[in-house]
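K.L.:
First the structure, then my questions, so here it is.
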Number of protein chains: 2
Amino acid sequence: MGVVSPPKQPQQDRSRATRQRLLEAAVSCLAEHGWAGSTVSVVAERAGVSRGAAQHHFPTREALFTAAVEYVAEERSQALRALPAENRGEVVAALVDLYTGPLFRAALHLWVAASNEEQLRGPVTELEARVGRESHRIAVELLRADESLPGVRETVQGLLDMARGLGLATLLTDDRTRRDRVVAQWAALVDEALG
Amino acid sequence: MGVVSPPKQPQQDRSRATRQRLLEAAVSCLAEHGWAGSTVSVVAERAGVSRGAAQHHFPTREALFTAAVEYVAEERSQALRALPAENRGEVVAALVDLYTGPLFRAALHLWVAASNEEQLRGPVTELEARVGRESHRIAVELLRADESLPGVRETVQGLLDMARGLGLATLLTDDRTRRDRVVAQWAALVDEALG
């Protein structure tokens, strides 16, 4: 295989780049048009990929969007790991920001679609549980929270639930002013509760 | 009109009852099947009403579901007003319960649909703002919170955002055990913050 490997490499790279473009297009398509408006054709066109090439990578709509869920989950984990950890106020603000961007919006459309689409439900539920555990672990670390103390685990979980609720509120209106005030107050409550 | 009024009354009652049945069917249809699976025909069949009668009340899908949004909003307001107000722990638990039932689930499907459907967006956004203001007012009253104190308004708002986030988490899995712990801890934190 040695002598034929080098010429194959660029083709594999192209294939990976195509797959990546399709996943990114699937996520932004979901964020903008929701599940009903997201088909393989629409995503392929958005990615600048032929329908045939798209179907080579993802034979069905479910396969494409299940892979997109994984991609979103991985992106969100990376974004979480890249959060600044200067002080708790900044950490809380950065956690909330994660839930108000296009990645959360795409994830939200997937959750809602999965609640009615049998084929999406299993993979989306499983991935969501995984992302939830990872978000919690990273939040605990960034907030320097000591989970051996009573109530600390639930304080952090409630904070992530609040961030999710704020993200949901931004779906219809951008209420940034209100959000910033709530975040500042809850950051103070969390800081006091965590000691 | 005096002498013809009595015989007309039952017909008006029947018409009101039909409208009510259609709105209730629209809400449960949304909660179970989402926007994509909710058409006038499906709702009419569920309500046991002919398609013609349904179209007499609601000429379009948008008219039906916009009215259903209003109905959901009114139901949620009534549920809020009926909350027990024994102690703050119970109030917090009851507020969170409001966001985990079928009414919230229906509202969630509507918000997501409205974010992509031009004709739904206006009325849903407006009603959501109205329901949000009313939820806040009732929560302040039940929690006996003094909003003249700094941070109190934002503490209550954050609590409602947390309730919304917990509701969203129940869309795919019923995590009641986790939810009860988070609610107990944050009820204690909110109680302390409100003094």
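The values are calculated or read from the model by the stated rules, or taken from the named source; none is laboratory data. A quick note: this is a predicted structure, and the numbers were derived from the prediction, not measured. Virtual Cβ from ideal backbone geometry, glycine too; neighbours counted across all protein chains shown. Remember, those area values only see protein heavy atoms, side chains included, never the ligands or the DNA or RNA. Shrake-Rupley method; radii C 1.70, N 1.55, O 1.52, S 1.80 Å.
K.L.:
Out of the residues in the range A:147-170 that are under 15 Å from residue A:104 (Cβ atoms) and small (Gly, Ala, Ser), which is nearest to the other protein chains (Cβ to nearest Cβ)?
P.N.:
Result: A:165.
K.L.:
Let me ask something else. Would you point out the residue of the range A:149-186, among those that are in a loop (DSSP other than H, G, I, E, B) and not hydrophobic (A, V, I, L, M, F, W, C), that is nearest to residue A:98 (Cα to Cα)?
P.N.:
It comes out as A:170.
K.L.:
Which of (1) closer than 14 Å to residue A:90 by Cα; (2) open to solvent by 40 Å² or more (accessible area, probe 1.4 Å) is the odd one out, the single condition residue A:183 does not satisfy?
P.N.:
If we test residue A:183 against (1) closer than 14 Å to residue A:90 by Cα; (2) open to solvent by 40 Å² or more (accessible area, probe 1.4 Å), just (2) comes out false.
K.L.:
Tell me, which residue of the range A:29-77 that is among the aliphatic types (A, V, I, L, M) and open to solvent by 30 Å² or more (accessible area, probe 1.4 Å) is nearest to residue A:119 (Cα to Cα)?
P.N.:
Step by step, filter the range A:29-77, then rank; the result is A:63.
K.L.:
In the range A:154-175, how many residues are open to solvent by 40 Å² or more (accessible area, probe 1.4 Å) and in contact (Cβ under 8 Å) with a residue 12 or more places away in the chain?
P.N.:
0
K.L.:
Moving on to the next point. For the range B:29-51, which positions are assigned to a helix (DSSP H, G or I) and closer than 20 Å to residue B:170 by Cβ?
P.N.:
The answer is B:29, B:30, B:31, B:32, B:33.
K.L.:
Looking for whichever is free of Cβ contacts under 8 Å to residues at least 12 places away in the same chain, closer than 18 Å to residue B:34 by Cβ, touching a Leu at 6+ places or on another chain (Cβ under 8 Å) and open to solvent by 40 Å² or more (accessible area, probe 1.4 Å) here; the options are B:105, B:121. Which one fits?
P.N.:
B:121
K.L.:
Within the range B:132-146, which residues are more than 11 Å from chain A (Cβ to nearest Cβ) and surrounded by 15 or more Cβ atoms within 10 Å (Cβ to Cβ)?
P.N.:
Matches in the range B:132-146: B:134, B:135, B:138, B:139, B:140, B:142, B:143, B:145.
K.L.:
In the range A:62-103, how many are in a helix (DSSP H, G or I), under 15 Å from residue A:167 (Cα atoms) and modelled with pLDDT of 85 or more?
P.N.:
Summing the residues that are in a helix (DSSP H, G or I), under 15 Å from residue A:167 (Cα atoms) and modelled with pLDDT of 85 or more in the range A:62-103 gives 6.
K.L.:
Could you tell me which of the residues B:100, B:177, B:173 is more than 10 Å from chain A (Cβ to nearest Cβ) and closer than 19 Å to residue A:115 by Cα?
P.N.:
Only one candidate qualifies: B:100.
K.L.:
Next question. What number of residues within the range A:60-102 satisfy the criterion of being touching a Pro at 6+ places or on another chain (Cβ under 9 Å) and farther than 30 Å from residue A:39 by Cβ?
P.N.:
3
K.L.:
Check the range B:116-123 and report whether any residue there is part of a loop (DSSP other than H, G, I, E, B) and either modelled with pLDDT of 85 or more or more than 14 Å from the chain's Cα centre (by Cα) (or both).
P.N.:
Checking the range B:116-123: at least one residue is part of a loop (DSSP other than H, G, I, E, B) and either modelled with pLDDT of 85 or more or more than 14 Å from the chain's Cα centre (by Cα) (or both).
K.L.:
Checking residue A:129 against (1) aliphatic (A, V, I, L, M); (2) within 27 Å of residue B:155 (Cα to Cα); (3) under 14 Å from the mean Cα position of the chain (by Cα); (4) open to solvent by 10 Å² or more (accessible area, probe 1.4 Å): exactly one of these is not met. Which one?
P.N.:
(2)
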